[in-house]
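The values are calculated or read from the model by the stated rules, or taken from the named source; none is laboratory data. Keep in mind that this is a model prediction, so the values were computed, not measured. Methodologically, a virtual Cβ is constructed for each residue, glycine included, from the backbone with ideal geometry; neighbour enumeration extends over all protein chains shown. Ligands, DNA and RNA are stripped out before the accessible areas are found, and what is left, the full protein with its side chains, is counted by its heavy atoms. Shrake-Rupley method; radii C 1.70, N 1.55, O 1.52, S 1.80 Å.
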Amino acid sequence: MTLAGSALFLLPAVVSLCYGEFDTVLTFVLVGAGLAVLSLPMTLVKPRSKDMYTKEGLIIVAMLWIVFPLAGAVPFYISGEIPRFIDAVFESVSGFTTTGSTILTDVESLSHGMLFWRSFTHWIGGMGILVFALAVFPSSKDSMYLMRAECPGPQVGKFVPKGKNTAMYMYAMYGVLTVVTIILLCAGGMPLFDSICHAMGTAGTGGFGIKNAGVAFYNSAYIDGVITVMMILFGVNFNIFYFLLIRRFKDVGKNLELRVYFIILAAATVLIGANIYPIYRSVGESFRYAVFQVASIMTTTGFATADYNLWPAFSQMILVMLMLVGACAGSTGGGFKVQRLIIIFKNVGKYFKKLLHPKSVSLVTSEDKAMDTDTVHGVHCYLGIYMFLMLASMLLISVDNQDFATTFTSVTACFNNIGPGINKVGPMENFSFFSDFSKCVLSLDMLFGRLECLPMMMLFIPAVWKKKF
């Protein structure tokens, strides 16, 4: 798979060639060739056993998600466009994990090839590096172990019996929606290159922009509207799109997570729109900026059309809460996930019902079906890990002695793969001022958040590396 990954560097090389950036072309070709050469010995190694289980799937996913961002950082570094390697790694990890946090103070100084590469890492990372590999290259009967380890959310369902076919369907829908986004943005007057980069950032819910002012640079209500709608769609579980294609409309209608997702989006938009009305003094303007920012934060995309650092504390607090909620399970969005939130609330309701009626039998249900006990326990276990890692990261980041809002939201934004936070890491700011130590912690947070902790944690458990487990 690392050998296949080397081919990814050819596309930005072609883009660089189109713009006459020959030094950048050479950079991508050399990095791609170097990764291919380093990967060749791995193809010659014959494993003693070809059987793969959950443990092996988690380890493979974690290792590859470390290798790819490191390789992705090399073009930034050797080209000199990001002269410090730790910064290049931070930018690459942020790209592949679709976080969108950046250390760049002047994005527009980058070459077209590098701008394309930043956005392309979003597109690949959004659906998943391994899901991409499974969609393009032959897969084994064990491929679902890899998909379960990489796909976000408490549950991973298959559209079709084979993991490879599942990956193909996912990427087909992902690709079509991306192309639709490009066409719609071009129709609004956005240049083709800009449209492609923003479409990849929207599809992967990543948020890397190519202008210092972000999406606000275009000052277009139409472009804001297109990106808002597409961000919301990419925050929806991809199972929903498949059900629509095969006309299983009843399954779509009774999907509780989808309904709760839209209710939260609508409620947050109304509350923030009303709160910022005194700033814009227009219902239309207030709604335009409120709905864009709500969609951007909840889907963990991270685009911005307004500096919400200047908004009232009430609006900022809602946005922080949305950072923690995140998008739907099975989408390209990050965060805790709406599905997990629903499961926790249902389990709390079950607990209170049991207190009132000790002899009653109460189950946590999902779409009229009793939910597996292991899934419910897994959600609560994940919540514990999630809170512990975030709090530990905040403690480590506090060594930099930044203000509380900056410290809290920098970790929240990176762990939930959102991008911008509040104050010094706001939508018009960047992460360049953090120490190298903090950048390493935040980079790990991005990886832990994107893979939802377990694959990365497996690397730090000694028993995992023993022959008998």
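Averaged per residue, what accessible area in Å² does the chain show with a 1.4 Å probe, protein chains only?
44
Using label points projected 7 Å from each Cα along Cα→Cβ, tell me how many nm separate Phe437 and Leu256, to one decimal.
Each label point lies 7 Å from its Cα, and together they span 4.5 nm.
Rounded to the nearest 500, what is the chain's calculated 222 nm mean residue ellipticity when only DSSP H runs of at least 4 contribute -39500 (n - 2.57) each, over all residues?
Theoretical 222 nm ellipticity from helices: -20500 deg cm²/dmol.
Between region 327-378 and region 164-221, how many Å separate their Cα centres?
Centre-to-centre (Cα) distance: 34 Å.
Given the whole protein assembly as supplied and a 1.4 Å probe, what does the accessible area of Arg259 come to in Å², nearest 10?
Spelled out: Arg259, probe radius 1.4 Å, area about 110 Å².
Residue farthest toward the positive end of the dipole of region 237-281, with Cβ of Lys/Arg at +1 and Asp/Glu at -1: which of Asn275, Gly253, Ile263?
Value: Gly253.
Taking H as built 1.01 Å from N, whose amide H comes closer than 5 Å to the amide H of Ser366, not counting residues under 5 places away?
Answer set, sorted by chain and number: Met371.
In whole Hz, what ³J(HN,Hα) sequence does region 392-406 give by Karplus (6.51, -1.76, 1.60; θ = phi - 60°), x for Gly and Pro?
Listing the rounded values in order: 5, 5, 4, 5, 5, 5, 4, 4, 6, 6, 8, 5, 4, 4, 5 Hz.
Return the distance in nm (one decimal) between the two label points of a simple spin-label model at Thr365 and Val179, each offset 7 Å from Cα along Cα→Cβ.
Rounded to a tenth, the inter-label distance reads 4.2 nm.
Over region 335-469, with every protein chain in place, what whole percent of the accessible area is carbon and sulfur at 1.4 Å, could you tell me?
67
Which order do peptides 219-228, 405-414, 337-346 fall in by mean Cβ count within 10 Å, highest first?
Order by mean packing, descending: 405-414, 337-346, 219-228.
Taking the dipole about the Cα centre of the chain, with the C-beta of Lys and Arg at +1 and of Asp and Glu at -1, give me whichever of Pro69, Ile59, Gly449 is farthest to the positive side.
Farthest along the dipole direction, towards plus: Ile59.
Hey, rough spin-label estimate for Cys186 and Leu391, points 7 angstrom out along Cα→Cβ, what's it come to in nanometres?
So the label points at Cys186 and Leu391 sit 5.1 nm apart.
What size of dipole, in debye to the nearest 20, comes out for region 351-443 about its Cα centre when the only charges are +1 on Lys and Arg C-beta atoms and -1 on Asp and Glu C-beta atoms?
Charge dipole of region 351-443: 380 debye, to the nearest 20.
Region 227-278 to region 388-449: how many Å between their Cα centroids?
Spelled out, the Cα-based centre of one part sits 28 Å from the other.
Run the numbers for Val464 and Met321: contour at 0.36 nm per residue of separation, minus the present Cα-Cα distance, in nm.
In short, 48.0 nm is gained.
Using a simple charge model, +1 on the beta-carbon of Lys and Arg, -1 on the beta-carbon of Asp and Glu, nothing else, what dipole does the chain show about its Cα centre, in debye to the nearest 20?
2160
Full extension from Leu383 to Leu310: what is 0.36 nm times the residue separation minus their Cα-Cα distance, to one decimal in nm?
Roughly 23.1 nm would be gained on extension.
Taking the Cα centre of region 383-469 as the origin and placing charges on Cβ (Lys, Arg +1; Asp, Glu -1), which of Met387, Thr412, Met458 is farthest toward the positive end of the dipole?
Met458
For a Förster distance of 51 Å, can you work out the FRET efficiency between the beta-carbons of Cys18 and Leu271, rounded to the nearest 0.05?
Once rounded, the FRET efficiency stands at 0.65.
What label, among (1) 26.9; (2) 23.7; (3) 40.7, belongs to mean projected area of the Cα convex hull in nm² computed from the structure on display?
(2)
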